[in-house]
Amino acid sequence: MMKNFFGVWHGDYSLADKTFVPNVILASDRMPTGKGSKPLRIEGKDGMVAFVKQCREGWKEYTFELLQSISEQNKISIQWKMNGVTGENMRIKTPLKPGSKISFKGIDFIVLDECSGLIREINMAQDLITFFHELELGHVSV
């Protein structure tokens with residue numbers, strides 16, 4: 001399952017049907033919007049794929065490395081590291097030049113559907129402060 005999960009994050013959206021239940025939910029940290037912040041909640045398999053596409057937008061390279069994992073019954077906790085290289089048209093405006101390397105870590109707590117074994121719920125906590133520092137963002141409005 002984790003191979004499929006990381007495959008989707010690496011851009012192979014054809015794996016979505018083999019990875020997520022149709023009504024999957026992703027909940028994450030509050031995300032800055034430029035006008036404050038809002039909770040991040042993604043609903044549905046199509047919403048999840050759209051979210052991953054949006055996250056990947058503008059990056060020349062955008063990959064994840066599994067650092068460690070632990071599981072019990074239908075629950076999996078993973079620590080990951082995102083390794084990216086900035087592209088020409090970054091969705092997040094940064095003073096970095098294209099080709100700059102970025103990395104930060106996060107933890108996902110994943111709940112699998114007990115019948116299908118597909119991912120039903122993802123609770124994501126990411127080190128956004130490190131991410132923003134890596135992007136050389138001096139001010140983030142929250």
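The values are calculated or read from the model by the stated rules, or taken from the named source; none is laboratory data. Here the structure is a predicted model, which means the values were calculated and not measured. Cβ atoms come from the backbone with ideal geometry, glycine included; neighbour counts cover every protein chain shown.
Here are some notes:
- Boolean, Val8 is more than 17 Å from Val111 (Cβ to Cβ), in contact with a Phe, Trp or Tyr (Cβ under 9 Å, 6 or more places away or on another chain) and either of a type in the set (A, V, I, L, M) or part of a strand (DSSP E or B) (or both): no
- Scanning the range 50-85 for residues that are part of a loop (DSSP other than H, G, I, E, B), in contact (Cβ under 8 Å) with a residue 24 or more places away in the chain and touching a strand residue (DSSP E or B) at 6+ places or on another chain (Cβ under 9 Å) yields Gly58, Asn74.
- Within the range 58-94, the residues that satisfy the criterion of being surrounded by fewer than 14 Cβ atoms within 10 Å (Cβ to Cβ) and at pLDDT below 95 are Glu88, Asn89, Arg91, Lys93.
- Selection status of Glu121, more than 22 Å from Ala27 (Cβ to Cβ) and either within 18 Å of the chain's Cα centre (by Cα) or surrounded by fewer than 17 Cβ atoms within 10 Å (Cβ to Cβ) (or both): no
- Selection count, the range 63-87, where residues are in contact with an Asp or Glu (Cβ under 6 Å, 6 or more places away or on another chain) and basic (Lys, Arg): 1
- If the condition is being in contact (Cβ under 8 Å) with a residue 60 or more places away in the chain and hydrophobic (A, V, I, L, M, F, W, C), then the range 91-131 contributes Ile110, Leu112, Leu118, Ile119, Ile122, Met124, Ala125, Leu128.
- The range 97-142, residues that are in contact with a helix residue (DSSP H, G or I) (Cβ under 7 Å, 6 or more places away or on another chain) and part of a loop (DSSP other than H, G, I, E, B): Val140
- Near pairs, Cβ below 7 angstrom, 6+ apart or cross-chain, from the range 6-29 (under 16 Å from Trp80 (Cβ atoms)) to any residue that is hydroxyl-bearing (Ser, Thr, Tyr) and surrounded by 14 or more Cβ atoms within 10 Å (Cβ to Cβ): Val8/Thr19; His10/Thr63
- Condition broken by Leu40, with the remaining ones in (1) under 12 Å from the mean Cα position of the chain (by Cα); (2) in a strand (DSSP E or B); (3) modelled with pLDDT of 95 or more satisfied: (3)
- Any chance Arg41 is more than 16 Å from Ile119 (Cα to Cα) and not acidic (Asp, Glu): no
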